[in-house]
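> The structure's right below; bear with me while I get my questions together.
The values are calculated or read from the model by the stated rules, or taken from the named source; none is laboratory data. What you see is a predicted model, and the numbers here were worked out from it, not measured in a lab. Quick reminder, even Gly has a Cβ in these numbers, built from the backbone with ideal geometry, and neighbours come from all protein chains shown. Quick note on the areas: whole protein, heavy atoms, side chains included, nothing else; ligands and nucleic acids left out. Shrake-Rupley method; radii C 1.70, N 1.55, O 1.52, S 1.80 Å.
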Amino acid sequence: MRDVLRRLAPGTPLREALDRIRRSGSGGLIVLGHDPAVRAICDGGVDLDVEFGPALLRELSKMDGAVVLSTDGTRIRRANVHLVPDPSHPAAETGTRHRAAERTSLHAGVPTVAVSASMTTVTVYCAGLSRVLVDPVVLLARADQSLSTLERQGARTARARAHLDRAEIGGYATVRDVVTLTQRMLRLERLGTELADLAEEMGEYGRQTSLQLDELLSDTSEELRRLVLDHLLDPAAAHAPPVPTTDRVDAALARLDALSDADLLLPGPVARCLGLPAEPEDLDGQVTARGYRLLAHIPRLRPGQITALVERFGTVPALLAAEKSDFADVETVGALWSRHVRQWLSRLQSGALDEIR
């Protein structure tokens with residue numbers, strides 16, 4: 001459906017044709033594909049095979065039958081066609097044109113569009129789903145509202161992130177702190193996904209929205225991964241490995257992504273996805289970060305260097321207590337980078353302590 005909506009987005013030739021049909025009040029039925037499955041349910045009509053054009057499609061839609069476009073949408077293959085899909089396919093629609101569109105989409109597996117003459121609406125049927133195309137003005141209003149919601153969620157996420165930073169450096173981070181930031185970041189990602197879909201549906205009107213979305217989300221997905229790397233535990237293991245494997249991190253992220261919106265509001269399901277204690281009385285228990293998020297604050301420090309430092313020291317307290325010479329002994333770090341790392345860790349530690357005071 002997302003791919004079809006992109007083809008029908010405002011500003012595209014096909015959307016222009018559909019808007020012409022809608023404004024004319026004549027209605028229409030358009031099949032977006034011409035393959036053996038479509039040809040098998042076409043009865044009568046006129047074979048054309050001419051180049052697609054919005055004005056031509058509007059004129060051909062004045063006839064009672066359906067118009068069939070080529071699969072790539074560049075040519076009009078047939079017009080005034082009577083569609084005879086298998087009537088055993090379920091149809092929720094009641095109008096003749098819309099029932100034919102819904103069943104054709106199910107039978108032939110191609111997107112089908114029905115333009116209502118009475119209600120002047122355009123409905124797309126694809127892969128068992130239906131969607132009414134919305135006017136760009138309405139889409140813009142929805143996008144503005146979604147951006148405002150995303151900005152508020154971003155501000156709450158930033159506060160939770162700063163709190164966890166201070167708590168990890170100060171040594172008082174809890175399960176609740178980790179879960180809260182995870183919840184905020186997942187909500188931010190889900191809102192961003194919804195807005196990205198909306199921007200695609202907006203077509204040429206969604207470019208500004210896409211730019212704002214990229215700015216608001218920034219590196220949220222990478223930061224969520226670092227958060228999981230910092231706090232993922234294996235409840236079955238006596239001692240958690242200093243660095244979780246990529247497979248374990250991917251599995252944890254998949255579990256988090258699979259949480260329903262209702263489960264995401266609860267701390268328990270989120271904590272269990274991370275292998276953390278999930279009972280209410282355990283949420284205030286202390287946790288220790290490995291240091292991925294802390295080291296990511298250091299400018300120009302490469303991912304390989306961050307991994308090497310975490311593998312060597314294992315926890316945030318050990319990183320903060322290490323001397324420059326300790327860092328210099330780590331492979332890929334060396335003397336030059338060790339001074340840089342030590343200076344930034346001291347700066348981050350003093351800044352966090354100042355905020356606490």
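> Under the Kirkwood approximation for Rh and a Cα-based Rg, what ratio Rg/Rh is obtained for the stretch 123-238?
Result: Rg/Rh = 1.11.
> Additional query: Measure of size requested: the Rg and Dmax of the stretch 217-357, with Cα atoms as the atom set and Å as the unit; please supply both.
Rg then Dmax for the stretch 217-357, in Å: 16.4, 50.
> At a probe radius of 1.4 Å, what is the per-residue accessible area of residue 144, in Å² to the nearest 10?
Accessible surface of residue 144 is approximately 90 Å².
> Quote the Stokes-Einstein diffusion coefficient, in whole µm² s⁻¹, for the chain, based on the Kirkwood radius over alpha carbon pairs, a temperature of 37 °C and a viscosity of 0.692 mPa s. Please report the intermediate quantities before stating the final value.
Values: Rh = 24.2 Å.
So the translational diffusion coefficient is about 136 µm²/s.
> Right, here's the next one. What percentage of the solvent-accessible surface of the chain, computed with a 1.4 Å probe over protein heavy atoms, is contributed by carbon and sulfur atoms?
Carbon plus sulfur share of accessible area: 51 percent.
> Another one. Report the accessible area of residue 119, computed with a 1.4 Å probe over the heavy atoms of all protein chains in place, in Å² rounded to the nearest 10.
120
> Averaged per residue, what accessible area in Å² does the stretch 39-102 show with a 1.4 Å probe, protein chains only?
Working: 3440 Å² over 64 residues.
For the stretch 39-102, the per-residue accessible area is 54 Å².
> While we're here: Which one, 18, 185, 264, projects farthest toward the positive side of the charge dipole computed for the chain from Cβ point charges (K/R +1, D/E -1)?
Value computed over the given set: 18.
> Follow-up. Enumerate the helices in the chain for which the Kyte-Doolittle hydropathy averages -0.5 or more and the C-alpha atoms extend at least 30 Å along the helix's axis, using complete DSSP H runs.
The qualifying helices are 136-170, 175-202, 334-356.
> For the stretch 210-357, what does the accessible surface come to per residue with a 1.4 Å probe? Please give it in Å².
Here the residues of the stretch 210-357 average 54 Å² of exposed surface.
> Now for a different question. Compute the relative contact order of the chain as a whole-number percentage, counting only Cα pairs closer than 8 Å that sit 6 or more residues apart in sequence.
Answer for the chain is 14 percent.
> Under a point-charge model restricted to the Cβ atoms of Lys and Arg (+1) and Asp and Glu (-1), what is the dipole moment magnitude of the chain relative to its Cα centre, in debye to the nearest 20?
For the chain, the charge dipole is close to 580 debye.
> Separate question: Determine, for each peptide in 126-137, 102-113, the mean count of other beta carbons within 10 angstrom over its residues, then list the peptides with the highest first.
Details: 126-137: 14.8, 102-113: 23.3.
Final packing ranking: 102-113, 126-137.
> Further question on the same structure: For every helix of n ≥ 4 consecutive DSSP H residues, a contribution of -39,500 (n - 2.57) applies; sum these over the chain, divide by its total residues, and give [θ] at 222 nm rounded to the nearest 500 deg cm²/dmol.
My calculation for the chain gives -17500 deg cm²/dmol from helical runs alone.
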